[in-house]
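> Here it is, the structure, as structure tokens.
The values are calculated or read from the model by the stated rules, or taken from the named source; none is laboratory data. Please read these numbers as outputs of a predicted model, since none were measured by experiment. Cβ: placed from backbone, ideal geometry, glycine included. Neighbour counts: every protein chain shown.
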Amino acid sequence: MKDLLVLSSSPHIKSPETIPTIMFQVCLALLPAIFVGVYSFGVRAAWIILLAVVSTLAFEAASQKLMGRSISIRDGSACVTAILLALNLPPTVPWWLVVIGAFFAIVIGKQIYGGLGHNPFNPALVGRVVLLISFPAQMTLWAFPSHTIFARVTDTLSGATPLGWAKTHVMTHGTLPDTLPFHISQAFLGQTGGCIGEISALALLIGAAFLIWRKIIPWLIPLAFIGTTFLITGAFWVANPQHYLNPVYHVLSGGLLLGAFFMATDMVTNPVTTLGMLIFGIGCGVLTSVIRLFGGYPEGVSFAILLMNATTPLLDRWTRPRVFGEVKKK
Amino acid sequence: MILHHFPGGIHPNDEKGLTAHLPVENAPVPERVFLPLSQHIGAPAEPVVKIGDTVKVGDKIAEARGFVSANIHASVTGVVRAIRDYPNVFGRLAPAFEIETTDDAPFHPKKNREDALSLPPQTLIPFIREAGIVGMGGATFPTHVKLSPPEDKPIDTLIINGVECEPYLTADHRLMLEHPSEILEGIVFLHHILGARFTYLAIEANKPDAIKVMEETARDTKINIVSVPKRYPQGAEKQLIKTLTNREVPTGGLPMDVGAVVQNVGTTFAIREAIRWGKPLIERILTVTGRGIKTPKNLRVRLGTPLSEILNLCGGWKTTPGKLIMGGPMMGINQFDTRVPVTKGTSGILLLPRDEVGEYHPHTCIRCGRCVTVCPMGLLPNFLGSFAEFDRFDDAARYHLLDCIECGSCTYICPAKRPLVQMIRYAKGEVLRRRKKAAKK
């Protein structure tokens with residue numbers, strides 16, 4: 001048998017890249033953020049991530065078994081979902097919340113549609129948003145990174161992320177104070193409150209740079225997403241700095257970087273065309289800004305990405321690239 | 001010279017180091033040759049000899065039927081033993097001559113047309129047509145048809161294609177190194193026929209020695225030797241025209257629609273032989289390569305030589321057999337029968353060892369969009385593949401299915417290992433079949 005010739009259609013060579021190698025590299029790119037999360041919030045953060053991974057894989061295997069599909073937990077996609085979900089949770093969440101999130105992410109967000117490639121929405125965000133809406137108290141109970149200057153103002157804050165603090169302060173006092181209780185460098189390095197994975201812009205940027213270099217994610221979506229958010233929040237800040245937060249905080253704190261680099265770039269749920277990606281990124285930025293500036297929630301990245309996920313099939317249809325040699329219809 | 005950019009493209013390892021340094025050897029004349037009546041695009045040729053006839057090397061044994069067709073000539077001196085169904089490169093049986101060799105003498109030219117350039121341009125085309133020359137890069141389109149554009153399609157650009165962008169293949173590369181002045185003469189003949197204003201010889205940047213040799217040979221001419229960047233499929237006709245002239249062949253159109261004619265260097269060499277010496281197309285250069293073959297070679301082979309003869313000549317399989325491919329790894333055709341003969345379009349024989357042949361289990365499309373990024377035609381291969389999968393042929397046609405050139409870039413890059421080109425070919429066949437059916441009604 002082994003001496004028989006293999007027959008197939010051309011081409012006969014293929015790039016070494018596979019779904020598992022892509023997913024593995026995404027996990028690798030999330031390591032800096034995981035490291036900062038565990039360093040800042042302690043072993044508890046590590047347990048949350050681990051629990052998310054284990055329960056996600058279990059739900060994936062169980063639902064595939066139930067639906068009579070082949071079990072594909074080794075392709076790494078569930079692992080990416082698990083890590084992203086965990087990084088999007090506050091470090092204080094109870095264990096059962098993680099399991100519920102994993103259930104909604106994998107079973108409702110992914111397997112019900114037919115598994116990897118068929119899901120219209122980013123599974124990790126489906127999980128997170130279900131938790132955010134159903135358990136708002138647990139999902140906004142922030143802990144503070146150990147040894148930070150930020151810690152000294154904890155008792156005066158009701159919401160601990162810079163964005164949440166600003167929103168509450170404006171609501172209660174009408175304006176922002178002259179000096180903020182946090183600093184840009186803290187948001188950059190991971191010394192402000194927030195979800196496990198979103199606190200350090202630096203860690204996220206390192207991972208993002210790796211993925212862009214490896215061509216795993218397109219640079220266009222994050223650029224359009226972050227750029228749009230910066231411009232819109234910046235315009236409001238310039239018009240009324242007493243009322244609106246400096247756009248640099250909008251970029252560096254909250255879930256924008258994590259969302260823009262790691263979730264808006266989820267290949268399954270964003271457009272395949274270049275123009276589609278541009279519109280997708282801009283749309284995410286507009287929605288995020290609107291929610292952050294005018295919405296009830298201090299943060300809007302998750303909702304923005306999910307809403308734009310819903311437009312992906314239309315964007316793909318409307319932005320078909322010009323075919324080589326296609327003559328414009330007169 | 002300013003080069004223009006075609007969309008997409010990929011960068012596979014070119015693997016040309018296996019054979020690029022090996023001079024072309026003459027393969028011994030086989031005991032029997034098998035010459036299919038159809039070695040070209042268009043109607044099969046009509047036999048003009050009978051079983052039992054004795055033929056001399058270079059004799060016409062089958063006549064072109066219609067304009068888009070090509071003559072077939074005896075590639076050896078011998079006796080016609082049969083005209084019967086024989087395995088062809090497409091995995092089917094098709095009528096072929098079986099000629100038993102009685103004499104392995106090479107072709108002896110009876111003419112020497114030193115004055116060819118003083119003849120009226122149009123009178124040169126019959127020499128090419130008579131010699132049965134077809135596009136030797138692999139497309140096998142009859143050359144005389146390409147050189148006879150209708151009145152309303154003036155040609156101002158002649159492009160000689162020495163790009164050889166398929167990985168592994170080095171036949172054109174060796175030809176340029178070893179026969180630069182013959183190629184130059186062929187280009188001059190073509191220029192004489194077409195009267196084109198611009199003449200380019202495009203060579204991929206990974207062949208600096210060939211570029212140098214051709215530049216030196218063409219020093220006193222107006223031929224532009226252009227080094228084009230290494231990017232697959234740079235050598236595809238439409239992509240090469242775009243690179244050199246910034247003109248795009250309209251969808252469903254031909255190069256002549258944008259005033260261009262593209263000829264492969266191998267074809268150009270054959271044209272020179274036909275015009276100068278009256279030599280028909282009876283042999284060609286091909287690369288026998290891959291890590292599966294014991295001794296890789298560049299060979300000059302008589303047409304009709306069975307694969308088995310060539311494999312023996314190169315020492316056979318070195319490793320556990322994987323794939324036996326006629327042509328390159330991107331667009332070549334997988335073979336399962338070593339009786340298949342070398343024909344006019346055989347640019348190489350590639351043997352991939354078993355451990356280089358992956359077994360792939362296609363996954364659902366994960367919409368990564370890599371196929372969209374690499375498609376040199378600006379298509380959406382992911383959607384074309386899915387439409388084919390679900391028999392949505394009308395949707396596929398609307399997404400420009402028929403513009404696909406089947407270069408294989410999408411399938412090469414796909415991380416889900418989806419056989420996109422195969423699905424697209426299937427859909428193309430269906431769409432064309434339905435159109436034919438609809439036209440009949």
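> Pick from segment B:306-333 the residues that are touching a residue at least 60 places away in the same chain (Cβ under 8 Å) and within 11 Å of chain A (Cβ to nearest Cβ): which of them is farthest from B:V76 (Cα to Cα)?
The first filter runs over segment B:306-333 and keeps only residues touching a residue at least 60 places away in the same chain (Cβ under 8 Å), leaving B:306, B:309-310, B:313, B:326-333.
Retained after the next criterion (residues that are within 11 Å of chain A (Cβ to nearest Cβ)): B:326-333.
Working: B:M326: 22, B:G327: 23, B:G328: 27, B:P329: 30, B:M330: 32, B:M331: 29, B:G332: 27, B:I333: 26 Å.
If we take residues in segment B:306-333 being touching a residue at least 60 places away in the same chain (Cβ under 8 Å) and within 11 Å of chain A (Cβ to nearest Cβ), then B:M330 is farthest from B:V76 (Cα to Cα).
> Out of A:L85, A:L116, A:L31, which single residue is in contact with an Asp or Glu (Cβ under 9 Å, 6 or more places away or on another chain) and either within 25 Å of A:I212 (Cβ to Cβ) or assigned by TED's automatic domain parsing to the domain that holds A:G254 (or both)?
Among A:L85, A:L116, A:L31, only A:L116 is in contact with an Asp or Glu (Cβ under 9 Å, 6 or more places away or on another chain) and either within 25 Å of A:I212 (Cβ to Cβ) or assigned by TED's automatic domain parsing to the domain that holds A:G254 (or both).
> Among residues belonging to segment B:78-104 that are over 27 Å from the mean Cα position of the chain (by Cα) and of a type in the set (A, V, I, L, M), point out the one that is farthest from B:A27 (Cα to Cα).
Step by step, filter segment B:78-104, then rank; the result is B:A82.
> While we're on this one: Among the residues of segment A:274-291 satisfying the criterion of being β-branched (V, I, T) and under 20 Å from A:G164 (Cα atoms), which is nearest to the chain's Cα centre (by Cα)? Spell out how you get there, then give the answer.
Quick first cut of segment A:274-291, residues β-branched (V, I, T) only: A:274, A:279, A:282, A:286, A:288, A:290-291.
Imposing the further condition that a residue be under 20 Å from A:G164 (Cα atoms) reduces the set to A:286, A:288, A:290-291.
Details: A:V286: 16, A:T288: 12, A:V290: 18, A:I291: 16 Å.
In this case the residue turns out to be A:T288.
> Scan B:V374, B:V357 and give me the residue that is buried (at least 16 other Cβ atoms within 10 Å of the Cβ), over 29 Å from B:K242 (Cβ atoms) and at the interface with chain A (Cβ under 10 Å from one of its Cβ atoms).
Only one candidate qualifies: B:V357.
> Output the helices (runs of 4 or more DSSP H) that fall wholly within segment B:346-425 and possess 2 or more residues being under 18 Å from B:P167 (Cα atoms), or say none.
Per the criteria, B:409-413.
> What is the residue count in segment B:334-347 for residues that are over 15 Å from B:R32 (Cα atoms) and within 12 Å of chain A (Cβ to nearest Cβ)?
4
> Pairs only if they're at least six apart or on different chains, beta carbon under 6 angstrom, first in segment A:227-239 and crowded, with 17+ Cβ neighbours inside 10 Å, second outside any helix (DSSP H, G or I) and not aromatic (F, W, Y); list them, first residue then second.
A:W237/A:N246
> State which residue pairs qualify: first residue within 14 Å of another protein chain (Cβ to nearest Cβ) and inside segment A:91-114, second residue small (G, A, S) and assigned to a helix (DSSP H, G or I) in any location, beta carbons under 6 Å apart, and separation of 6 or more residues or different chains.
Between residues of segment A:91-114 that are within 14 Å of another protein chain (Cβ to nearest Cβ) and residues that are small (G, A, S) and assigned to a helix (DSSP H, G or I), the close pairs are A:Q111/A:S63.
> All but one of (1) β-branched (V, I, T); (2) touching an Asp or Glu at 6+ places or on another chain (Cβ under 8 Å); (3) buried (at least 16 other Cβ atoms within 10 Å of the Cβ) hold for A:V93, so report the exception by its number.
All conditions are met except number (2).
> Of all residues in segment B:237-294 being among the acidic types (D, E) and more than 14 Å from chain A (Cβ to nearest Cβ), which is farthest from the chain's Cα centre (by Cα)?
Of everything passing the filter in segment B:237-294, B:E273 is farthest from the chain's Cα centre (by Cα).
> Of the residues B:I325, B:I366, B:I349, which single one is touching a His at 6+ places or on another chain (Cβ under 6 Å), buried (at least 22 other Cβ atoms within 10 Å of the Cβ), of a type outside the set (G, A, S) and farther than 18 Å from B:E237 by Cα?
Details: B:I366 fails: touching a His at 6+ places or on another chain (Cβ under 6 Å); B:I349 fails: touching a His at 6+ places or on another chain (Cβ under 6 Å).
Among B:I325, B:I366, B:I349, only B:I325 is touching a His at 6+ places or on another chain (Cβ under 6 Å), buried (at least 22 other Cβ atoms within 10 Å of the Cβ), of a type outside the set (G, A, S) and farther than 18 Å from B:E237 by Cα.
> Here's another thing I want to ask about it. If you go through segment B:433-440 one residue at a time, do you hit one that is assigned to a helix (DSSP H, G or I), within 21 Å of A:T274 (Cβ to Cβ) and touching a residue at least 24 places away in the same chain (Cβ under 8 Å)?
No: zero hits.
> What are the residues in segment B:78-114 that are part of a strand (DSSP E or B) and in contact with a Pro (Cβ under 9 Å, 6 or more places away or on another chain), if any?
Matches in segment B:78-114: B:V80, B:I83, B:R84, B:D85, B:Y86, B:P87, B:L93, B:A94, B:P95, B:A96, B:F97, B:T101.
> Within 14 Å of chain B (Cβ to nearest Cβ), of a type in the set (A, V, I, L, M), surrounded by 20 or more Cβ atoms within 10 Å (Cβ to Cβ) and without any contact (Cβ under 8 Å) to a residue 60 or more places away in the chain: does that describe A:I13?
Yes, satisfied.
> Restricting to segment B:388-422, name every residue that is among the small types (G, A, S), more than 9 Å from chain A (Cβ to nearest Cβ) and buried (at least 23 other Cβ atoms within 10 Å of the Cβ).
B:A388, B:A396, listed by residue number.
> Grab the helices (runs of 4 or more DSSP H) fully contained in segment B:177-274, keeping just those with 3 or more residues being more than 24 Å from B:E15 (Cβ to Cβ) and not assigned by TED's automatic domain parsing to the domain that holds B:D115.
none
> Output the residues belonging to segment A:263-288 that are of a type in the set (S, T, N, Q) and farther than 26 Å from A:G115 by Cα.
Across segment A:263-288, the qualifying residue is only A:T288.
> Here is a further query. Name the one entry in B:E130, B:E98, B:E114 that is acidic (D, E) and either over 30 Å from B:L169 (Cβ atoms) or loosely packed, with under 13 Cβ neighbours inside 10 Å (or both).
The unique qualifying residue is B:E114.
> Right, here's the next one. Which one of these is within 29 Å of B:K60 (Cβ to Cβ) and among the polar types (S, T, N, Q): B:N224, B:N246, B:N264?
B:N264
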